[in-house]
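The values are calculated or read from the model by the stated rules, or taken from the named source; none is laboratory data. Values in this document were obtained by computation on a predicted structure and should not be read as measured data. Note that we place each Cβ from the backbone using ideal geometry, even for glycine, and neighbour counts take in every protein chain shown.
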Amino acid sequence: MSKSIITISDAAMNRINVLLGKRGKPSAGIKVGVRSRGCSGLSYTIEYADEIGKFDEVVEKDGIRVLIDPKAVMFLIGTEMDFVEEELKSGFRFVNPNEKGRCGCGESFHV
(Lines give C-alpha, C1' and ligand atoms only; values in the text may rest on other atoms or scores of the structure.)
Protein backbone atom coordinates (compact mmCIF):
# COMPACT_ATOMS: atom_id res chain seq x y z
CA MET A 1 0.00 0.00 0.00
CA SER A 2 1.42 3.33 -1.04
CA LYS A 3 1.41 6.03 1.61
CA SER A 4 0.45 8.55 -1.05
CA ILE A 5 -3.09 7.22 -1.51
CA ILE A 6 -4.43 8.01 1.97
CA THR A 7 -3.04 8.71 5.42
CA ILE A 8 -5.02 8.02 8.55
CA SER A 9 -4.53 10.00 11.74
CA ASP A 10 -4.09 8.36 15.13
CA ALA A 11 -7.46 9.81 16.20
CA ALA A 12 -9.17 8.14 13.23
CA MET A 13 -7.43 4.82 13.91
CA ASN A 14 -8.48 4.96 17.56
CA ARG A 15 -12.11 5.60 16.59
CA ILE A 16 -12.04 2.80 14.00
CA ASN A 17 -10.72 0.45 16.68
CA VAL A 18 -13.61 1.42 19.00
CA LEU A 19 -16.18 0.90 16.23
CA LEU A 20 -14.77 -2.49 15.26
CA GLY A 21 -14.77 -3.54 18.92
CA LYS A 22 -18.45 -2.62 19.27
CA ARG A 23 -19.51 -4.42 16.09
CA GLY A 24 -19.90 -7.78 17.79
CA LYS A 25 -18.58 -9.94 14.97
CA PRO A 26 -15.18 -10.35 13.32
CA SER A 27 -14.30 -7.85 10.58
CA ALA A 28 -11.57 -7.50 8.00
CA GLY A 29 -11.63 -3.79 8.90
CA ILE A 30 -13.51 -0.83 7.54
CA LYS A 31 -13.81 0.17 3.91
CA VAL A 32 -13.54 3.74 2.64
CA GLY A 33 -14.98 4.73 -0.71
CA VAL A 34 -16.89 7.40 -2.58
CA ARG A 35 -20.31 7.29 -4.19
CA SER A 36 -22.37 9.60 -6.34
CA ARG A 37 -24.54 11.55 -3.94
CA GLY A 38 -25.36 15.03 -2.73
CA CYS A 39 -25.53 18.39 -4.43
CA SER A 40 -21.84 18.46 -5.40
CA GLY A 41 -21.75 14.96 -6.85
CA LEU A 42 -19.65 12.73 -4.55
CA SER A 43 -19.62 11.79 -0.88
CA TYR A 44 -17.32 9.68 1.25
CA THR A 45 -18.51 6.30 2.47
CA ILE A 46 -17.35 4.25 5.44
CA GLU A 47 -18.66 0.77 6.12
CA TYR A 48 -17.64 -2.43 7.84
CA ALA A 49 -15.75 -4.89 5.65
CA ASP A 50 -16.30 -8.61 6.17
CA GLU A 51 -13.52 -9.52 3.75
CA ILE A 52 -10.71 -7.94 1.79
CA GLY A 53 -11.60 -7.58 -1.88
CA LYS A 54 -9.17 -8.75 -4.54
CA PHE A 55 -8.32 -5.18 -5.63
CA ASP A 56 -8.78 -3.33 -2.33
CA GLU A 57 -5.87 -1.19 -1.18
CA VAL A 58 -5.06 -1.90 2.47
CA VAL A 59 -3.73 0.52 5.09
CA GLU A 60 -2.79 -1.31 8.28
CA LYS A 61 -1.58 0.15 11.55
CA ASP A 62 -1.43 -1.59 14.93
CA GLY A 63 -3.46 -4.50 13.55
CA ILE A 64 -6.29 -2.26 12.34
CA ARG A 65 -7.08 -2.39 8.63
CA VAL A 66 -8.64 0.30 6.50
CA LEU A 67 -9.55 -0.91 3.02
CA ILE A 68 -9.80 1.49 0.11
CA ASP A 69 -12.38 0.67 -2.54
CA PRO A 70 -10.48 0.36 -5.85
CA LYS A 71 -13.08 2.56 -7.60
CA ALA A 72 -12.31 5.36 -5.12
CA VAL A 73 -8.51 5.37 -5.32
CA MET A 74 -8.29 8.06 -8.02
CA PHE A 75 -10.49 10.37 -5.91
CA LEU A 76 -8.59 9.74 -2.64
CA ILE A 77 -4.92 10.09 -3.65
CA GLY A 78 -3.21 12.31 -1.06
CA THR A 79 -6.22 12.42 1.29
CA GLU A 80 -5.90 12.52 5.07
CA MET A 81 -8.63 10.83 7.10
CA ASP A 82 -9.08 12.22 10.60
CA PHE A 83 -11.62 11.90 13.42
CA VAL A 84 -12.69 15.09 15.16
CA GLU A 85 -14.82 15.68 18.22
CA GLU A 86 -16.35 19.12 18.44
CA GLU A 87 -18.82 20.60 20.88
CA LEU A 88 -21.90 19.82 18.81
CA LYS A 89 -20.75 17.02 16.50
CA SER A 90 -18.11 14.42 15.94
CA GLY A 91 -17.13 12.35 12.95
CA PHE A 92 -14.60 11.41 10.36
CA ARG A 93 -13.16 14.29 8.34
CA PHE A 94 -11.43 13.97 5.00
CA VAL A 95 -8.86 16.54 3.89
CA ASN A 96 -8.61 15.86 0.18
CA PRO A 97 -6.30 17.90 -2.07
CA ASN A 98 -8.28 16.70 -5.11
CA GLU A 99 -11.49 18.46 -4.08
CA LYS A 100 -12.39 21.40 -6.27
CA GLY A 101 -15.42 22.36 -4.20
CA ARG A 102 -17.98 21.31 -1.59
CA CYS A 103 -21.68 21.84 -1.22
CA GLY A 104 -22.92 24.36 1.33
CA CYS A 105 -23.65 21.75 3.98
CA GLY A 106 -20.26 20.07 3.50
CA GLU A 107 -21.70 16.59 2.91
CA SER A 108 -20.58 16.22 -0.70
CA PHE A 109 -17.73 17.35 -2.94
CA HIS A 110 -16.57 17.41 -6.54
CA VAL A 111 -13.19 16.90 -8.18
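Look through segment 65-74, keep the residues that are of a type outside the set (D, E, K, R) and out of contact with any Leu (no Cβ under 7 Å at 6 or more places or on another chain), and return whichever of them is surrounded by the fewest Cβ atoms within 10 Å (Cβ to Cβ).
For segment 65-74, the residue satisfying everything is Met74.
Among what's in segment 84-111 and is surrounded by 15 or more Cβ atoms within 10 Å (Cβ to Cβ), modelled with pLDDT of 70 or more and in a loop (DSSP other than H, G, I, E, B), pick the residue that is farthest from the chain's Cα centre (by Cα).
Here the answer is Glu99.
What are the pairs with Cβ atoms under 7 angstrom where one residue, in segment 46-60, is closer than 13 Å to Leu20 by Cβ and surrounded by fewer than 13 Cβ atoms within 10 Å (Cβ to Cβ) and the other, located anywhere, is modelled with pLDDT of 95 or more and charged (D, E, K, R)? Sequence gap at least six, or different chains.
Glu47/Lys31
Do we find a residue being within 15 Å of Ile5 (Cβ to Cβ) and among the hydroxyl-bearing types (Ser, Thr, Tyr) anywhere in segment 42-52?
Within segment 42-52 (the criterion being within 15 Å of Ile5 (Cβ to Cβ) and among the hydroxyl-bearing types (Ser, Thr, Tyr)), the answer is yes, since at least one residue qualifies.
Return the residue satisfying two criteria in turn: it lies in segment 6-37 and is small (Gly, Ala, Ser) and more than 13 Å from Gly63 (Cα to Cα), and of such residues it is surrounded by the most Cβ atoms within 10 Å (Cβ to Cβ).
Ala12
Can you tell me which residues in segment 17-76 are of a type in the set (Val, Ile, Thr) and in a loop (DSSP other than H, G, I, E, B)?
Answer for segment 17-76, where residues must be of a type in the set (Val, Ile, Thr) and in a loop (DSSP other than H, G, I, E, B): just Ile52.
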